[in-house]
Amino acid sequence: MPLVFTLAFRNLFHDRLRFVATVIGIVFSIVLVTVQMGLYLGFGQMVTTMIDHASADLWIMPKGTKCFEDPSLLDTRQRSRALAVAGVAEAIPVVIGFADWRTPSGSSTPVFVVGSDLRSGGLEPWNLVEGRIESLSTPNAVAIDRTYFDRLGVSGLGARAEIRQQSVRVAAVTNGIRSFTTLPYVFTTLGTARNLLDAASDQTSYTLVRVTSAAEIESVRKSLAARLPDTEILTHEEFRTRSLDYWLFETGAGSALIAGAILGIIVGIVIVAQTLYASTKDHLNEFATLRALGASAGYIHRVILMQAVLSAALGYILGMCLSMLVIWASSESTLLIVMTTNLALFLLVLTVGMCVLAAVCAIFKVTRIDPAVVFSR
């Protein structure tokens, strides 16, 4: 085993209590950064989940629409005009809106209703675990996610409730469709959604446009914009980006999560730097002896950096284990914490970098060691 590793290992474990404090600091930092960044990625997925699962090349929407959950109404004559544009294969209406869900016990909670022409497959529920899509074609049938069973006061298929004094029945159950606004999504047919939201039969919130395989999306969009001057026509990526920018940055939610992650990094650096500096200070005479024996300053620096890397390795392993436990515990909650391979690699690099940066403070102290001090003891 290299002597550098041996010296670093013994320096770290010489004061076990101090080493435990260092590892705890690193673990705390990793868990905090993981949760904050995981929430950021999870919120990003929830913000765009409806857009990503809508089978549309273009979105026709009212001007000024900020995100998917920004309900305004269009005249369905816009759909007829869209179908007349060359290159448009389908124009599928979607109606969305907020409503109150009232249980038989009398309690109520706000929900977000999503209605679509299910025969065209415009924006239908996915990840079904109970029931079938076809079941929603029955009068006042809805689909909900089982994550929100407790909030909605239901236990499964067949449960009944009221939306705007109209009885609804749970005909399908999904798993994992969570909302960024924390409001449960309620899927249903276009006609039922209009009744529940008190929208006219000639009104729609969005029109999902599918372009023929032979047409160019940008060319079709320009034609639609010329024919529908009172609307906005966005591509899938444009609408996705707009929704992300609005929820994560304009509302400040994303900035708050990033600030929390930065705070975790700062806390980790401070704790590790303090411990490494104290450990180095306690072993100044040993380092001076090494210098007197002919060890170079670079050799001493490598010992300190090895201490930092060992601390980072142990802290990362324990931190990731605890982080995965937190992610698992939250898997059935309304909050989505995402862990990806890229995030795990980023955390590894961050942890090593954080510990190496913290070691710089100790290196500055060692740089000023005079080997002669060993002879004055």
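The values are calculated or read from the model by the stated rules, or taken from the named source; none is laboratory data. All figures in this text were calculated on a predicted structure; none of them were measured in a lab. So basically every Cβ, Gly included, is an ideal-geometry build from the backbone, and we count neighbours across all protein chains shown. Just so you know, the surface numbers come from the protein's heavy atoms only, side chains and all, with ligands and any DNA or RNA stripped out. Shrake-Rupley method; radii C 1.70, N 1.55, O 1.52, S 1.80 Å.
Just the number, please: carbon plus sulfur as a percent of the accessible area of the stretch 1-139, 1.4 Å probe, no ligands or DNA/RNA counted.
Values: 3510 of 6290 Å².
Whole-percent figure for carbon plus sulfur exposure: 56.
Could you give the length gained by full extension between Ile266 and Ser137, i.e. 0.36 nm per residue of separation minus their alpha carbon distance, to one decimal place? It would help to have the intermediate numbers written out before the result.
On the way: separation 129, 0.36 × 129 = 46.44 nm, distance 5.45 nm.
Taking Ile266 through Ser137 to full extension adds about 41.0 nm, to one decimal.
About its Cα centre, the dipole of the stretch 65-105 is roughly 140 debye, where the only charges are +1 on Lys and Arg Cβ and -1 on Asp and Glu Cβ. Under the simplified labelling scheme, the Tyr299-Asp202 pair shows an inter-label distance of 9.1 nm, with each label point 7 Å from Cα along Cα→Cβ. Within the shell of other residues whose beta carbon sits under 13 angstrom from the beta carbon of Val114, the net charge comes to -3, with Lys and Arg scored +1 and Asp and Glu -1.
For Arg178, Arg160, Arg242, write out the residues from largest to smallest accessible area, computed with a 1.4 angstrom probe and no ligands counted. Intermediate values should be presented prior to the final figure.
Working: Arg178 25, Arg160 130, Arg242 70 Å².
Descending order: Arg160, Arg242, Arg178.
In order along the stretch 205-213, the Karplus-derived 3J(HN,Hα) couplings, from 6.51 cos²θ - 1.76 cosθ + 1.60 at θ = phi - 60°, round to 8, 9, 10, 8, 9, 9, 9, 5, 5 Hz, and Gly and Pro are given as x.
Determine the gain in length on full extension of the stretch Leu17-Arg227; use 0.36 nm per residue of separation and subtract their C-alpha separation, reporting nm with one decimal. All intermediate terms of the calculation are to be shown ahead of the outcome.
Details: separation 210, 0.36 × 210 = 75.60 nm, distance 7.31 nm.
Gain in length upon complete extension: 68.3 nm.
Calculated on the Cα set of the stretch 65-108, radius of gyration then Dmax: 16.5, 53 Å. Once backbone amide H atoms are built at 1.01 Å from N, Gly97 has Val113 as its partners under 5 Å, excluding neighbours fewer than 5 places away on the same chain.
Once the 1.4 Å probe is applied to the protein heavy atoms, the chain comes out at 47 Å² accessible per residue. Separation between the Ser331 and Leu314 pseudo-spin-labels, each 7 Å from Cα along Cα→Cβ, expressed in nm? The answer from the label model is 3.0 nm. Restricting the calculation to Cα atoms, the stretch 176-260 yields a radius of gyration followed by a Dmax of 17.1, 48 Å.
If the segment from Ser213 to Val360 were pulled out straight at 0.36 nm per residue, it would be longer than the present Cα-Cα gap by 47.0 nm.
Packing-wise, with mean Cβ within 10 Å as the measure, how do 197-206, 25-34 rank, highest first? Before the final figure, lay out the partial values.
Details: 197-206: 17.8, 25-34: 23.4.
Ranked by mean Cβ neighbours within 10 Å, highest first: 25-34, 197-206.
The Kirkwood radius of the stretch 289-350, taken over pairs of alpha-carbon atoms, gives through the Stokes-Einstein law at 4 °C and 1.567 mPa s a diffusion coefficient of 90 µm² s⁻¹. Given R0 = 30 Å, the distance between the Cβ atoms of Arg10 and Thr340 translates into a calculated FRET efficiency of 0.20. Rounded to the nearest angstrom and listed largest first, the equivalent-ellipsoid semi-axes of the chain from its Cα gyration tensor are 59, 24, 15. For Asp145, the amide hydrogen comes within under 5 Å of the amide hydrogens of Thr174, Tyr185, counting only partners 5 or more places away or on other chains and with H modelled in the peptide plane.
Largest first, the residues Met61, Met320 sort by 1.4 Å accessible area into Met320, Met61.
Give the carbon-plus-sulfur fraction of the accessible surface of the stretch 147-219 in %, rounded to a whole number; probe 1.4 Å, heavy atoms of protein chains only. Let's see the in-between values first.
Working: 1230 of 3000 Å².
Answer for the stretch 147-219 is 41 percent, counting heavy atoms of protein chains only.
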